[in-house]
Amino acid sequence: MSGGIHADREARARALLEAEGLPPRVRSLGMDGEIAAVSAPLSAMEALRAAAPGLRSLGYRYVALDLADGAQSTGE
């Protein structure tokens with residue numbers, strides 16, 4: 001997959017996360033961008049679990065909660 005496809009999928013993932021009330025911070029990781037790494041606090045675990053099928057429908061194989069960046073408030 002090219003970088004443009006990853007950027008488009010990330011944009012769609014951000015919109016999905018925002019619609020679910022989650023922080024719209026997501027990165028595509030892995031060799032083929034198959035991992036959606038969502039930066040959010042641990043308290044967002046259940047909401048992320050509910051949003052995971054939607055993220056998978058965008059083509060992500062895995063959905064990961066990135067706790068290391070979850071406490072930061074970046075405006076991505």
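A compact table of results
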item	result
Subset of the stretch 27-58 that is crowded, with 17+ Cβ neighbours inside 10 Å and of a type in the set (S, T, Y) - its residue that is farthest from H6 (Cα to Cα)	S39
Residue satisfying all of: in the stretch 44-65; more than 17 Å from E18 (Cβ to Cβ) and either small (G, A, S) or part of a strand (DSSP E or B) (or both); modelled with the lowest pLDDT among these	A64
Residue list for the stretch 16-26, filter: aliphatic (A, V, I, L, M) and crowded, with 17+ Cβ neighbours inside 10 Å	L16, L17, L22, V26
Of residues in the stretch 28-43 being closer than 11 Å to L65 by Cα and in contact with a helix residue (DSSP H, G or I) (Cβ under 9 Å, 6 or more places away or on another chain), the one modelled with the lowest pLDDT	A40
Residue check for R9: at negative phi and touching a Pro at 6+ places or on another chain (Cβ under 6 Å)	no
Residue check for A13: surrounded by 13 or more Cβ atoms within 10 Å (Cβ to Cβ) and hydrophobic (A, V, I, L, M, F, W, C)	yes
Single residue of the stretch 10-25 satisfying the filter (closer than 17 Å to L65 by Cα, outside any loop (DSSP other than H, G, I, E, B) and in contact (Cβ under 8 Å) with a residue 40 or more places away in the chain) that is farthest from the chain's Cα centre (by Cα)	L16
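The values are calculated or read from the model by the stated rules, or taken from the named source; none is laboratory data. Please read all numbers here as calculations on a predicted model, not as lab measurements. Counting neighbours? That spans all protein chains shown, and the Cβs are built from the backbone with ideal geometry, glycine included.
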